[in-house]
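Before any comments, here is the structure.
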Amino acid sequence: MSDTTTITKLNVTDRDGTQRKIDWEPQQSLMEALRDNDFPILASCGGTASCATCHVFLPKEVCDSLGERSEDELELLEEVSCYDAGTSRLACQVSQDESLDGISVTIAPEED
Ligand code: FES
């Protein structure tokens, strides 16, 4: 069972390769945590899985642990040029959870 009050950590790699450790607050989506920490996440759709500007790569085992992507998320990701079936996720569709403490997140390249 997840503890909804625990702040977890994220190890984020930005598009230029720089790495930073940030807090991931309870109730935040992964997209919100990245955006609120000034990473270049446009999130132009506001988190409704319709813009793909929050595309990130997660370790495959983390991706697997999150379960199936929704149909909307998968459709959108498949249109992105750097989509990777094993590691791509839309950060707005990933909720904070204690089990994700300390995971690595890599921000995907910007689409042309
Ligand atoms: S914020 Fe638009 S798809 Fe995630």
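The values are calculated or read from the model by the stated rules, or taken from the named source; none is laboratory data. All of these numbers come straight from a predicted model, not from anything done at the bench. Neighbour counts run over all protein chains shown; Cβ positions are idealised from the backbone, glycine included.
The listed residues are A49, A85, and the only one of them that is under 19 Å from E111 (Cβ atoms), within 14 Å of the ligand (Cβ to nearest atom) and assigned to a loop (DSSP other than H, G, I, E, B) turns out to be A49. Could you please tell me which pairs satisfy a Cβ distance under 7 Å, a separation of 6+ or placement on different chains, a first residue in segment 52-67 that is closer than 19 Å to E32 by Cα and in a helix (DSSP H, G or I), and a second residue that is among the polar types (S, T, N, Q) and more than 10 Å from the ligand (Cβ to nearest atom)? Matching pairs, first to second residue: C63/T87. The residues of segment 52-73 that are within 12 Å of the ligand (Cβ to nearest atom) and of a type in the set (A, V, I, L, M, F, W, C), listed by number, are A52, C54, V56.
For the condition part of a helix (DSSP H, G or I), without any contact (Cβ under 8 Å) to a residue 40 or more places away in the chain and either farther than 16 Å from S104 by Cβ or of a type in the set (D, E, K, R) (or both), what is the one hit in L77, L42?
Working: L42 fails: part of a helix (DSSP H, G or I).
Going through L77, L42 in turn, the sole match is L77.
Hey, among the residues in segment 14-46 that are among the polar types (S, T, N, Q) and within 14 Å of the ligand (Cβ to nearest atom), which one's surrounded by the fewest Cβ atoms within 10 Å (Cβ to Cβ)? Among them, the one singled out is S44. Residue check: D112 meets all listed conditions (1) modelled with pLDDT under 95; (2) within 14 Å of the ligand (Cβ to nearest atom) but one, namely (2).
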